Every structure is written in C-alpha cells, then in structure tokens.
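Enquirer: Attaching a single structure in structure tokens format; questions to follow.
Bear in mind these aren't lab numbers, they're just calculated from the coordinates by the rules spelled out. All of these numbers come straight from a predicted model, not from anything done at the bench. Note that each Cβ is placed from the backbone with ideal geometry, even for glycine, and that neighbours are counted across all protein chains shown.
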Amino acid sequence: MMKKIFLLMFAIMMVTLGVFAQKSESEEGGDLSHNRFLSDKVCLECVFSLPQPPSETSEIFANDVKYYKWGKEEREKKNIREEALREDETSVFALFSSVLGMKVSKKNTPEIYKLAKTAINDALFAAHKGQEHFKRTKPYVYFHEESLKSEGGDDVEDKENSYPSGHSTRGWILALVLGYIAPEHSEALMKCAEQYATYRVIMGRHWKSDVDAGRTLAITIFSKEVITPEYQQQLLKAKAEYKSMR
C-alpha cells in the first residue's frame, strides 16, 4: 500500500517536472513559519475534497471503534506506551532524519528544510481548517476516557479537532517530500509516516479514519504543490544539497 502511494505520487511528479525545468532563484527568508507554496483557496479546496467524517451508524465508524479498543490494549504494553510517548515528544524532523541517516534541520540542511517546512505549512493550514470545519470529537472525549499524552501536551487541545489528523497530515507530507529527494529511502519514509500516524490511534488522540484522512489530505496537497514554480525551484536546490551530502 505504502509503495503504491509513493509510486502514484512519483508518476504525478514525472508528468509535472517538465513544466518547470528552468532553474531560477527563489526568495530566501529567515523565518519560514509563514512560507507557503499554495494559496488559502487551493488549500481549502483540498480540505473540502475530503469525505465527511463517518456517521455513528456507518461501517467506517464501527472500524474506528474497533481500532480505538485495539489502541487501548496496545498502550497497556510498556514498550508500546514508551515508544508512542517518545515519538510524541520528538520533533518530526528528528524522526524522519533517522530514516535518511542525516540530520534535516534549518542549520544542517537549509534547502531541504526550507522545502519540507514550506510544504508542511500548507498541509497544516489545510488540516487545521478542516478541523475547524468538521468539528469532530476526539475518541477519548467521545468515550469519556483518558488518553495517552506526553507531559504538558494535549490538555490544552481543542476536544473537537479530530478530523483530519494534523499529525498524520504532517508526517505523510514530510515523507512524500523527502521520498522524492531521496527515493532510495522512500519505502522506509512511508513506513515512518504510517507508524507516526498509528501512534496517534494508539494514544487515543485520533480515530483511525482521522489519520487516514490526514494521509489523503497530504497526498492531495502534495500533488498541488509539486506543480508550482516555487516548489520546483526549491526542489532543485534541495536535491543538489542532498547529493552534496551523500
């Protein structure tokens, strides 16, 4: 499944790469927190292409409940609980850096970081707008139970921001971005994104359909980003930087 996802995105990019083959300089900014490839309008179109969260009478919701109960059992296991908390407390860039075998950071890999961070900004903008729109209750709130959470983490969260999962969206967009820069690691990056999303289910922070929607949203956002001149310009720099560090 994960390999098919990457192959699909690779096919999309191969079609679009020829459109923007000319390299040009993109504006370099110090603060990347507001950098975006896509307009609000395009991001919102991606959000509203998602299906509605499942109704409580649907088979998908029954599957959500099954996975929630599975997650409760999993987090009773000491090693799973500790690993879930460790991932929750670790920077997403650090998690994926371990797969690449190099530290992806603003200081160490500025061009790769800029590409990835800007792509993530689009994805999270879309995910948060989706959460505001759909207002789906988180599973642990629905069942009036405690969730697994890292210290100082999720108590401040909105309890109705479950769909789509922002963590899942962020993990999948980063896997797609890095997978195209380093295709030899693409399958491992997809597995990392899948695990990152699954831990949100184990922790009780999201329904299974929330993390699935996050993956769908990331793929949709990514397919829009790769056809922009700005993305292609930064991609050339990121690939050159990666090649120089191998």
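Enquirer: Whole angstrom only: what separates the Cα centroid of segment 63-120 from the Cα centroid of segment 169-205?
Expert: Between the Cα centre of segment 63-120 and that of segment 169-205, the gap is 8 Å.
Enquirer: Shape of segment 40-146 from its Cα gyration tensor (a ≥ b ≥ c, root eigenvalues): rounded if a/c is under 1.5, otherwise prolate when a/b > b/c, or oblate?
Expert: Because a/c hits 1.5 or more and a/b fails to exceed b/c, segment 40-146 counts as oblate.
Enquirer: Please list the radius of gyration and Dmax for segment 172-212, considering alpha-carbon atoms only, with Å as the unit.
Expert: In Å, with Rg to one decimal and Dmax whole: 11.3, 33.
Enquirer: Under a crude label model (7 Å from the Cα following the beta-carbon direction), how far is Ala62 from Glu145 in nanometres?
Expert: Going by the 7 Å Cα→Cβ label model, 1.9 nm.
Enquirer: Which ³J(HN,Hα) values in Hz, rounded to whole numbers, follow from the phi angles of segment 201-217 under the Karplus curve 6.51 cos²θ - 1.76 cosθ + 1.60, where θ = phi - 60° and Gly and Pro get x?
Expert: Working through the residues one at a time gives 6, 4, 6, x, 7, 8, 6, 4, 5, 5, 6, 5, 5, x, 5, 4, 5 Hz.
Enquirer: Let me ask you something else. How far, in nm, would the chain grow between Trp70 and Ser223 when pulled straight, counting 0.36 nm per residue and subtracting the alpha carbon separation?
Expert: Full extension of this stretch gives 51.8 nm more.
Enquirer: Hey, another quick one. How far is it, in nm, from the label point at Asn108 to the one at Glu83 when both lie 7 Å from their Cα along the line to the Cβ?
Expert: According to this spin-label approximation, the distance is 2.3 nm.
Enquirer: Sticking with this structure for a sec: Taking Rh as the Kirkwood radius computed over C-alpha pairs, what is the Stokes-Einstein D of segment 109-244 at 20 °C in a medium of viscosity 1.002 mPa s, expressed in µm² per second?
Expert: 138
Enquirer: Taking the mean number of other Cβ atoms within 10 Å as a proxy for protection, how do you rank 203-211, 49-57, 133-141, 236-244 from highest to lowest?
Expert: Result, highest mean first: 203-211, 133-141, 236-244, 49-57.
Enquirer: Specify whether the C-alpha gyration tensor of segment 189-246 places it in the rounded, prolate or oblate class, a ≥ b ≥ c being the square roots of the eigenvalues: rounded for a/c under 1.5, otherwise prolate if a/b is larger than b/c and oblate if not.
Expert: oblate
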